[in-house]
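Comments concern the structure below.
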Amino acid sequence: MNMQTKPLIARRSPGPDGEKIITLAALAVGGQGGGVLTNWIVAVAEANGYRAQSTSVAGVAQRTGATIYYVEMCRDTGRMPVFSLSPAIGDVDILMASELMEGGRAIMRGFVTPGRTTMIASTHRIPAVSEKIAPGDGRANGPEVIEAMGIAADHVVAFDMETVAKQAGSVISSSLLGALAGSGALPFPRESYEEVIRQSGRGVEASLRAFGVAYEIATGESPAPAPETETVAPVPVLHVPEKLRAQWAALEARLAALPAEVREMAGLGLKKVVDYQDLGYGADYLGMVEKAVAVDAAPYEMSAAAAKYCARALCYDDLLRVADIKTRATRFARVKDEVVVNEGQLLMLTEYFHPRFEELATTLPRGLGRWLQSRKGLEAWYTRHFDKGRRVRTDSLSGFALLWMVSALRPLRRRLLRHDSEMRHVSAWFDTVLQTAATDRALATELLANYRLIKGYSDTHARGLSKFAKVMGARDLLAGRPDAADWMRRLRNAALDDVEGEKLDGALATVRSFAA
Amino acid sequence: MAERSFAKEVQKLKQGEGETFTGEGILAITKALLENGVGYVGGYQGSPISHLMDVLADAQDILGELGVHFEASASEATATAMLAASVHYPIRGAVTYKSVVGTNVASDALSNLASGGVTGGALIIVGEDYGEGSSIMQERTYAFAMKSQVWMLDPRPNLPSIVKAVGDGFELSELSNTPVMLQVGIRSCHVHGHFEASDNKRPEMTVSEALENPKRKLDRIVLPPATYIHEAEKLTKRKPAAERFIVEKGINERFGDAGGKVGLILQGGTYNTVVRALNRLGLADLYGDTEIDMLVLNCVYPLVDSQILDFCEGKDAVLIIEEGHPNYIEQQVAHMLYQSGKRVKLEGKGKLPMGGEYTGQVMVEGLGAFFSEHAPSLLPVAKVATNEEPVAIPDLSQTLPARPPGFCTGCPERPIFAATKLVEEELGPHHISSDIGCHLFSIMPPFDIGATTMGYGLGPASAAAFHNENRKGRRAISFVGDGGFWHNGLTSSVGNAVFNKSDNVIVIVDNFYSSATGGQDILSSRAVNKTKQTQNSIVDAVKGMGVKWVRQIDRTYDVTKMRDTLKEALTTEEEGPKVIVASSECMLNKQRRVKPELAKAAKDGKRVVRPRFGVDEDVCTGDHACMRLSGCPSLSVKDTGDPLRDDPVAAIDQTCVGCGNCGEVADAAVLCPSFYQAEIVTNPTARETRRATRSGRIISWLQRRRDAKRVVFA
């Protein structure tokens, strides 16, 4: 806890005429237009008969680092106040943050004071590099920061101002200004803000729209946009051809027979698996889930995990799948939407592939593939001549046809070398799970979740496999311990935490020390 | 500054008598130079004074009218040497550069200039970059002023005071035949305010006039025996003259009640923070009116003994407020007081922190401590006895991610370091020396590349010691930007490596501008610049220096080529330094130039292709390996909303400029096929539209045919 205990209560004293200096600090991520915002605020203040001064430490602002802008203003009484050039701990009246974690940073730096500071913060996230590079989910804990705002600030205006700006076709500085105006923290009328925006000249209409929406959200007249995290991808419809209806119905019947707790996840899993291969594959999948249910009991947490991770295990990422996904109509539609292709515009689409000898060999029938793998000379020759990046234009006929033909191999998938190795890996894993379930269901559940470690392609995939093997290896060391499941979870999280796997090795060493 | 226009600022420079100037501190200084009849201006860009250079570069017409010569110096040494024009001629000259780092480079010329002394006013505007947000090592320029005996002004941080300091500086320089440093803090440079403008003045003598009437005075030339005379003159003539000027002109200001029992001696630059602290302690109103006796040193060197002693007369205690260390001012004052046998208690560092920026909080605490010890009666009771309940605020230090600066979206330097990472994965880690410039962000995640940075253009030089006895062994890799290369890297780094038969690898990051300082043009800039000769080849320069092994890469985004070239450089049998010139335009400046062009072309119905990248989230497995080789702001993580998946997947947002790095890295590192490049064609030709429609029809037929035979979901 960073307690706000200062030996002296150092609060600003007003002028002879009761005029007060108002201090405003804006924390932004470089490139967010903090300069524009401060210029607007200064202009608004001066338009309302105030004297104002702004400073910034631009330094590396343009280059994505955290930056601070600072404004002081005071009702003009004919004399120039001595304005300070930088925000001071416990001396900020209005704190604006153009990103959630920057808001948190302001609190940590002591710029948000209980009973004094109005905090105006956008709750959207711009993940920092350190959050993006974790092999798992490295994102910071947003709710914790929002909670801290409530404690630290006198008055909080916090919502996703980035989305508000985007929807209005503007940038965040406009919605921030709107939130500031709406918060009532400054004694200036709405019109004076809007006038300043009009005078600024560029993108006026969009800016005014964003300003208006943000203003009304800040005053509570209209609701804030829903946080991005709550928006769930729309579930695509299932398309079943006439001929296959009966078979599909049979699978749905088996699905319905599963315990309620498992059904939803199993339903999603079944669709995924069938979509990946075919109905027969779906039957295999349900078979695995049913096995799990058989050794499970309410609340069927293990079976739910089985439903989730078996689906993932069966839908391994191979050339066929990639080719399939990249040639789907729905995918074309999504891309068009994502990159915004308007009427009259054309879309050229280039895919980046880099098929190596492994991919080639494992995408061949078992026997042939094995034979090829054993031919080191061939491998060298391939690597020399063919191991390079391939650009495929999927908007062109030739490019599309190429991928389409690869995807058309799907019915043969079960005979391919890759499938063979994947299935051996899956069944080994699933057998271990079932054995474990007999004695320790919680541990079995964790073993299922370990499949999360297997992801990526080529080297990344290989690294994932080795991490998976290491973590699974700890099962025998842990079996029988009351906290086995807990430790298994820790091991997995360690593995997800860093790339090199040092954390994992550390955790494993600890586990081994139990056995010893 | 090919890609940015400062026309608006230039208009402000034209203002005259009766008009009110509004703008940033550094622009006010620029205007003040013209109002004070400056004859020539030079300097080297760098925060916080780049703006002065940028604006003057665009102000050729005004400068022409006034007969003022401006040039962007090759380095701070060049800039300071340029002041030689004021040695024999009564011409006012000004140069500018970044704080202590610039002064370090300038110091050879500075010593010579200071020894011989000047006839015309010579002003050195030093942009201090100390404390929060500083991009450089924390040292004081003050030491240079003392050792070279040049005077240093540190005006109160408001536009009128700063502008006045420019005029005072020139006068002081002329009166004492000594160059004068005008020190302005980073916030003073960026402070937005007003001052009453006056008309620009034509210099009394222009540099052209000087050329037509050459002069030389032997006693101003730095050569024995004159040098001995110079030293004596500094002590017996120049310094006393300066001290007289400081007192008579009232350069330093006195505030508050002269009879006060306690007093403050402070640098002008800290005045506003001090007044705010006094206000918060109930000892000053918000206009600075106070009982507290203050001596504000707008000139921090030299100090005038009589003035200091007079201030201390009859006081119980005096606090020196001096930012940074060593506490040179405090030491000098202590010496004066001791010599004159004064009893006054001297406080300074101790009550205030030894180092670090004197922020509002620091100042409140320091002054609070000083007054409670030496004048407790002054402090209002309310300020001393706290009755406020402290509120416990959650500690977020574990939650908040650090946000260090990094490469911009689409930066051409990103792929260079991605390639370096890939090479290290193959050949193992190497010793890597970095340099000053944007490329230094390679030190940060996700690249974590680079062990030292020894100064501008000194990257390769800082690898000089690393001579591997085993010729087949590892080599050091060093980076230097095009800015650093022309600043002094050509000789100090490349020349040195050639001369000493270094086997190391030098990567010259050529992005067509001095980007880190705001995108100024340099010798190798590709843009046409009417006042400068650009388009000078780095490769030719390097070859001219005697480098045999040189490789030019024209598209840094080609990660595979970048990686292979670097690998070759590290493994080739060839002797001598291996130099790779990696060239692609700074994306920030490229966008500034290209965006409006493309927008116009599209409007005029011309065919325009806008590239951008995307990720197929069904193909992405959420391992984020791509981000460990990128760190691009536009490449981020997002939730899929699919309950079957645990980890967020990669996503590319609207800010993507389609530089190609994502795809190239995925290819070179064999990551995954999730990335696609989308090129949106505006105003396509009739022919390609027909082709697109035709293939579109066939494609959707194939898709329907396939879907008709299977169960599809998604």
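The values are calculated or read from the model by the stated rules, or taken from the named source; none is laboratory data. Note that the structure is a prediction, hence the values are computed from the model and not measured. Here the Cβ positions follow ideal geometry from the backbone for every residue, glycine too, while neighbour counts run over all protein chains shown.
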Discussion item. Restricting to the range B:663-679, count the residues that are under 30 Å from B:GLU426 (Cβ atoms) and either more than 7 Å from chain A (Cβ to nearest Cβ) or aliphatic (A, V, I, L, M) (or both).
Written reply: 8
Worksheet entry | the range B:703-713 - residue that is surrounded by 17 or more Cβ atoms within 10 Å (Cβ to Cβ) and facing chain A (nearest Cβ under 7 Å) and, of those, modelled with the highest pLDDT | B:GLN703
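Which of the residues spanning the range A:166-193 are part of a helix (DSSP H, G or I), within 21 Å of A:GLY30 (Cβ to Cβ) and not hydroxyl-bearing (Ser, Thr, Tyr)? Don't jump to the end; show me each part of the working.
The initial filter retains those residues of the range A:166-193 that are part of a helix (DSSP H, G or I), namely A:166-167, A:172-183, A:190-193.
When the remaining residues are screened for being within 21 Å of A:GLY30 (Cβ to Cβ), the result is A:166, A:172-177, A:179-180.
Hits for the range A:166-193 are A:LYS166, A:ILE172, A:LEU176, A:LEU177, A:ALA179, A:LEU180.
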Worksheet item: Condition test on A:SER122, is it among the small types (Gly, Ala, Ser), modelled with pLDDT of 95 or more, touching a helix residue (DSSP H, G or I) at 6+ places or on another chain (Cβ under 6 Å) and buried (at least 22 other Cβ atoms within 10 Å of the Cβ)?
Response: yes
Practice prompt. Could you please give the count of residues in the range A:493-516 that are of a type in the set (A, V, I, L, M) and outside any helix (DSSP H, G or I)?
Written response: 2
Fill in: Within the range B:398-454, considering residues that are within 30 Å of B:ARG612 (Cβ to Cβ) and of a type in the set (Ser, Thr, Tyr), the one farthest from the other protein chains (Cβ to nearest Cβ)
B:THR420
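In the range A:476-492, what count of residues is obtained for those that are part of a helix (DSSP H, G or I) and either closer than 15 Å to A:ALA507 by Cβ or touching a residue at least 40 places away in the same chain (Cβ under 8 Å) (or both)? Write out each step before concluding.
In the first step, residues of the range A:476-492 are kept if they are part of a helix (DSSP H, G or I); the result is A:476-478, A:484-492.
Restricting the remaining residues to those that are either closer than 15 Å to A:ALA507 by Cβ or touching a residue at least 40 places away in the same chain (Cβ under 8 Å) (or both) gives A:477-478, A:484-492.
Adding up the residues that qualify gives 11.
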Discussion item. Looking at the range B:580-587, can you tell me whether even one residue there is farther than 21 Å from A:VAL340 by Cα, more than 9 Å from chain A (Cβ to nearest Cβ) and of a type in the set (Val, Ile, Thr)?
Written reply: yes
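So which residues in the range A:167-195 are β-branched (Val, Ile, Thr) and buried (at least 22 other Cβ atoms within 10 Å of the Cβ)? I'd like the intermediate steps shown before the answer.
Of all residues in the range A:167-195, those β-branched (Val, Ile, Thr) come to A:171-172.
Within the range A:167-195, just A:ILE172 meets the criteria.
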Worksheet item: Just a yes or no: is a residue in the range A:407-421 over 30 Å from A:GLY480 (Cα atoms), part of a strand (DSSP E or B) and not assigned by TED's automatic domain parsing to the domain that holds A:ALA495?
Response: yes
Worksheet item: Looking at this structure, is B:ILE522 touching a Ser or Thr at 6+ places or on another chain (Cβ under 8 Å), assigned to a loop (DSSP other than H, G, I, E, B) and buried (at least 20 other Cβ atoms within 10 Å of the Cβ)?
Response: yes
Discussion item. Checking the structure you have, find out if any residue of the range A:452-465 is free of Cβ contacts under 8 Å to residues at least 60 places away in the same chain, basic (Lys, Arg), within 19 Å of A:ASN493 (Cα to Cα) and surrounded by fewer than 23 Cβ atoms within 10 Å (Cβ to Cβ).
Written reply: yes
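Tell me, please, whether a residue that is of a type in the set (Gly, Ala, Ser) and over 30 Å from B:LYS600 (Cα atoms) can be found in the range B:676-684. Let's see the steps before the verdict.
So the first thing to find is which residues in the range B:676-684 are of a type in the set (Gly, Ala, Ser), and the list is B:678.
Then keep just the ones that are over 30 Å from B:LYS600 (Cα atoms); that gives none.
No, the range B:676-684 has no match at all.
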Worksheet item: For the range B:680-694, does any single residue satisfy the condition of being within 8 Å of chain A (Cβ to nearest Cβ), at pLDDT 95 or above and within 39 Å of the chain's Cα centre (by Cα)?
Response: yes
Worksheet, complete the sentence: Of B:GLY356, B:GLY341, B:GLY406, the only residue that is surrounded by fewer than 16 Cβ atoms within 10 Å (Cβ to Cβ), part of a loop (DSSP other than H, G, I, E, B) and under 39 Å from the mean Cα position of the chain (by Cα) is B:GLY356
Fill in: strands (runs of 3 or more DSSP E) contained entirely in the range B:125-211, each with at least 2 residues that are surrounded by fewer than 23 Cβ atoms within 10 Å (Cβ to Cβ)
B:192-196
Worksheet item: In the range B:522-563, which residue that is under 24 Å from the mean Cα position of the chain (by Cα) and of a type in the set (D, E, K, R) is farthest from B:ASN504 (Cα to Cα)?
Response: B:LYS532
Worksheet item: Out of curiosity, is B:ALA72 hydrophobic (A, V, I, L, M, F, W, C), at pLDDT 95 or above and in a helix (DSSP H, G or I)?
Response: no
Fill in: The one condition in (1) modelled with pLDDT of 95 or more; (2) touching a helix residue (DSSP H, G or I) at 6+ places or on another chain (Cβ under 8 Å); (3) more than 17 Å from B:VAL100 (Cβ to Cβ) that B:HIS190 fails to fulfil
(1)
Discussion item. Of the residues B:LYS548, B:LYS578, only one is touching a residue at least 40 places away in the same chain (Cβ under 8 Å) and basic (Lys, Arg); which?
Written reply: B:LYS578
Discussion item. Considering only the range A:374-394, I want to know if a residue exists there that is more than 21 Å from B:VAL615 (Cα to Cα), within 12 Å of chain B (Cβ to nearest Cβ) and at pLDDT below 95.
Written reply: yes
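Just to be sure before I move on: is B:ALA109 outside any loop (DSSP other than H, G, I, E, B), of a type in the set (Gly, Ala, Ser) and closer than 11 Å to B:MET181 by Cα in the structure I sent?
Working: outside any loop (DSSP other than H, G, I, E, B): yes; of a type in the set (Gly, Ala, Ser): yes; closer than 11 Å to B:MET181 by Cα: no.
For B:ALA109, the condition - outside any loop (DSSP other than H, G, I, E, B), of a type in the set (Gly, Ala, Ser) and closer than 11 Å to B:MET181 by Cα - is not met.
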Discussion item. I need the helices (runs of 4 or more DSSP H) fully contained in the range A:268-372, keeping only those with at least 1 residues that are modelled with pLDDT under 95 and surrounded by 20 or more Cβ atoms within 10 Å (Cβ to Cβ).
Written reply: A:319-326, A:329-338, A:357-362
Worksheet item: What number goes with the only condition from (1) part of a helix (DSSP H, G or I); (2) more than 17 Å from A:ALA43 (Cα to Cα); (3) not charged (D, E, K, R) that A:PRO223 does not pass?
Response: (1)
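Considering only the range A:13-31, state which residues are more than 20 Å from A:GLY90 (Cβ to Cβ) and either surrounded by fewer than 24 Cβ atoms within 10 Å (Cβ to Cβ) or without any contact (Cβ under 8 Å) to a residue 24 or more places away in the chain (or both). Explain how you work it out, then say what you get.
If we filter the range A:13-31 for residues that are more than 20 Å from A:GLY90 (Cβ to Cβ), which is where we start, we get A:15-19, A:28-31.
Hits for the range A:13-31 are A:GLY15, A:PRO16, A:ASP17, A:GLY18, A:GLU19, A:VAL29, A:GLY30, A:GLY31.
Return the residue satisfying two criteria in turn: it lies in the range B:2-46 and is in a loop (DSSP other than H, G, I, E, B) and on the phi > 0 side of the Ramachandran plot, and of such residues it is farthest from the chain's Cα centre (by Cα). Show your work before the answer.
Restricting attention to the range B:2-46, the residues satisfying the condition of being in a loop (DSSP other than H, G, I, E, B) are B:2-6, B:14-19, B:36-39, B:44-46.
Then keep just the ones that are on the phi > 0 side of the Ramachandran plot; that gives B:18, B:37, B:46.
Numbers: B:GLY18: 34, B:GLY37: 28, B:GLY46: 4 Å.
Result: B:GLY18.
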